[in-house]
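A short worksheet on the structure shown next.
The values are calculated or read from the model by the stated rules, or taken from the named source; none is laboratory data. What you see is a predicted model; the values in this text were computed from it and never measured. These area figures cover heavy atoms from the full protein model, side chains too; ligands, DNA and RNA do not enter into them. Shrake-Rupley method; radii C 1.70, N 1.55, O 1.52, S 1.80 Å.
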Amino acid sequence: MIAPPPTPPTITLDDWLKAGLTFDMYKNDRRRGYLRSQGRGGNGRPVEIAWESIAKEGRKEALKAAGVDPASRRVRGFVRFVAHNEKAMNYYRAYRMDDGRGLPTDVLNECYTNACVLDAVQAEWNARLGRRRKAGGSVRGVWQGICREVAEMDRSDWNHTLPSHQRRLKQKLADYLKTDGYMSLIHKGYGNQNRRKVTGDVERLLLSLYCQDTKPFVHYVHELYHQFLGGVLDVYDVETGELFCPDDFIDDQGRALEISDSTVWNYVNMPHNRRVVDKYRSDRLHYDGLHRPHAHRKSPEYSLSKVSLDDRDLPRKMPDGARVKAYYAFDVASGCVIGAAYSKTKDTDLFIGCLRDMFRMIDRRNLGVPIEVEVEHHLVGNLKDELMRAGAVFPFVRWCNPGNSKEKRAEHMIKAKKLGVEKRHQAGIGRPFARLEAHRQVQEKVFNQHGMANKEKYLSMEELVADDRRANEIYNNSPHPNQKRYKGMTRTDVLLQRQNPNLGAIDHALLMRYIGQHTTTTIRRNQYVQVQYERYQLSRPDVVSKLQPNNLTVDAYYLAGDDGTVGQVHLWQGGVHIDSCVKLERFQEAKAEQTESDMEAYRKQAAYIASYDKSVKEARGRISKVKVMARQATDTLLPEVLAVTPDGYNEREYEFGVVDVNEYARRGYENI
């Protein structure tokens, strides 16, 4: 029950807030005595502020400017009881229909307004009834007066939809107070599946017809549905063999449920149905890109924390009509292309070539080993137990799911490079049937002996590779896309200046075994091996002690630099690292032509030879010079020993008597 208004003119706290005055102003004015409130708000009762008690300068002017002035407005009848009902608002906000949806905003506002007005009607009825009975008068005409005021009330603030007829309004109030409460104001059929012309069975049949392998049009599905209802054709479930029965698709009056083209279109295009039919009618790539939720990630802040690798075909063609295959390695944080390889065939060697190019750059820039690499099984799957085993070269290896292009960071960076640098600096970048005109290639038709064909411009592989490497350089030196984080820095700046502090050093010997070039060679003169017609000296002479017996053959792994030179050769034998060799520099023997570098090469060779001589001398010191002579017979009796019988059976001689040991000794010397 909402309390009747006080005798002196008042305004509500809602009027105060409507005028732009804040709740803090109300609290401060009340605490300092600039206004007086009457009653306590809650349970449908508004806070009443005595108009005459408002003494703070400017408060009344603001209220009057907003149209709040109790002296100039006439408040009569039940309207004075209409107030906000928080409980009703919470109920309608939490209400859910049969399909799980909430009430639309217009329906929610309508139900909530009707509830507030019915609260006021009940309060006015109780107030008038109490006054009439207290005065001893009749209650006749009270309800008619209230109904008239409900119909004639100003609906600018409370736009209700309650009936004005006395009996209907009375029944509505009775249902609201005694039966269903707030639920009574929601239309019985609203959101109820029973009022749908298309039932669940009809919807299932329509979707099933739409998801056939022939990918029918909507109007064709509409025709099939009505042919099924007419008994012209049967529809059955291929997996279960279940036949759809036309008798299940009739209404309460026994008539077939006929629908229109637009109804079929509406139901197959409902969001919750479209995601299902596209699962059947579309390929996985289209479905994943359009409907399936995806992970939302943050890029690493430091370079070489993660490297993503992927392959592509260069857009333009070679004279034979084929495209150059490229493999890239991208640093995820900076976006730099840190490795690239090119080939006419897409195979594992292309991937290895990309890693070689990446580590050449890392070695040249004196960077560390990337902590994590991201690859896919295509071309790389056969290396998962060797090079791409986590902990072998890279601490972490992440295998991407096949066919999920948005998962690989390299895919996004290839797109940025193509639509950015390549589109700007290379002609012919695009697709023949691209949606955007700027990406659509110009096609010229020509006739030849095979019919009509497209006229295209072809480039040699060398030109295509040179153009792409030039594009990589421009791309790497362009501003980083996240200028908010890396202000004024290029992609290369981020790569070099924001390295992960936990990067490890490169184990060249191990790395070259996986990605290096390989040859079999022999250690010669305890000093060098010959690789690519050059000699590479061992680090020290005693390395040969690690070799297997009578085996000087070793496996040599190396990686040529950008200029084709080989800096180090790593020797392995039987899965064991033997040594890492550097190039043996020759020196000019003619003193008239010797330079400082010749003298340095001579000193290194002399030091190695001296080290070898020293090791041999030390080894000789462990060897004694001995001679061998025959042992002379002696009469000295030897101690008791075990006799060995001809069968090889040992027996203690004292069990069979004493044996002449000296006799056995003499026989031994005679047999020498």
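Could you state the accessible area per residue of region 540-628 in Å², with a 1.4 Å probe and every protein chain left in place?
Here the per-residue accessible area is 72 Å².
Which whole-number value in Å² is the accessible area per residue of region 278-355, probe 1.4 Å? List each step's numbers first, then the result.
Working: 3580 Å² over 78 residues.
In whole numbers, region 278-355 has 46 Å² accessible per residue.
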Given a 1.4 Å probe and the protein chains all in place, what does the accessible area of K614 round to, in Å² to the nearest 10?
-> 130 Å²
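Under the 0.36 nm per residue contour assumption, what length would be gained going from the current alpha-carbon distance of T240 and Q632 to full extension?
130.8 nm
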Heads up, I need the accessible area for M270: 1.4 angstrom probe, whole protein in place, Å², nearest 10.
-> 60 Å²
Rounded to the nearest 10 Å², the accessible area of K60 using a 1.4 Å probe with every protein chain kept is 50 Å²
Mind listing the long-range amide H neighbours of H577? Cut-off is under 5 Å, sequence gap 5 or more, other chains count too, H placed in the peptide plane at 1.01 Å from N.
-> none
Of S308, S156, S260, which has the most accessible area with a 1.4 Å probe, and how do the rest follow in descending order?
-> S156, S260, S308
Whole-Hz Karplus ³J(HN,Hα) for region 611-628, in order, using 6.51 cos²θ - 1.76 cosθ + 1.60 and θ = phi - 60°, x for Gly and Pro?
-> 5, 5, 4, 5, 5, 5, 5, 5, 5, 5, x, 8, 10, 9, 7, 10, 10, 10
Spelling it out for A341: with amide H atoms placed in the peptide plane at 1.01 Å from N, the residues 5 or more places away or on another chain with amide H under 5 Å from its amide H are Y327
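Hey, can you find the accessible area per residue of region 378-533 for me, probe 1.4 Å, expressed in square angstrom?
On the way: 9960 Å² over 156 residues.
Spelled out: the 1.4 Å probe surface of region 378-533, per residue, equals 64 Å².
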From most to least accessible, 1.4 Å probe, no ligand or DNA/RNA atoms counted, K87, K484, K417 line up as K484, K87, K417
How large is ³J(HN,Hα) for each residue in region 51-65, as worked out from phi by the Karplus curve 6.51 cos²θ - 1.76 cosθ + 1.60 (θ = phi - 60°), to whole Hz, x for Gly and Pro?
-> 4, 5, 7, 6, 10, 5, 5, x, 5, 5, 4, 5, 5, 5, 5
Which aspartates and glutamates does K344 reach when only Cα atoms under 13 Å apart count, and residues fewer than 8 places away in its own chain are ignored?
-> D311, D313, D320, E462
Kindly write out, for region 316-333 in residue order, the coupling ³J(HN,Hα) from the Karplus curve 6.51 cos²θ - 1.76 cosθ + 1.60 (θ = phi - 60°), rounded to whole Hz, with x marking Gly and Pro.
-> 8, 9, 8, x, 7, x, 7, 10, 6, 8, 10, 10, 10, 10, 10, 7, 5, 5
Carbon + sulfur, % of accessible area of region 418-571 - ligands and nucleic acids excluded, 1.4 Å | 47 percent
Distance in Å, no decimals, from the C-alpha centre of region 196-268 to the one of region 295-357 is 50 Å
Which far-off residues, 5 or more places away or on another chain, put their amide H under 5 Å from the one on Q568, with H placed in the peptide plane?
-> L559
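Past 26 Å, Cα to Cα: identify those pairs from K298/K418; K384/K418; K325/K484; K215/K415; K306/K487; K546/K614, in the order given.
On the way: K298/K418 23 Å; K384/K418 30 Å; K325/K484 35 Å; K215/K415 31 Å; K306/K487 21 Å; K546/K614 18 Å.
The answer is K384/K418; K325/K484; K215/K415.
Quick one: ranking Y236, Y225 by accessible area, 1.4 Å probe, largest first, what do you get? Working shown, then result.
Values: Y236 140, Y225 0 Å².
These residues rank, largest area first, as Y236, Y225.
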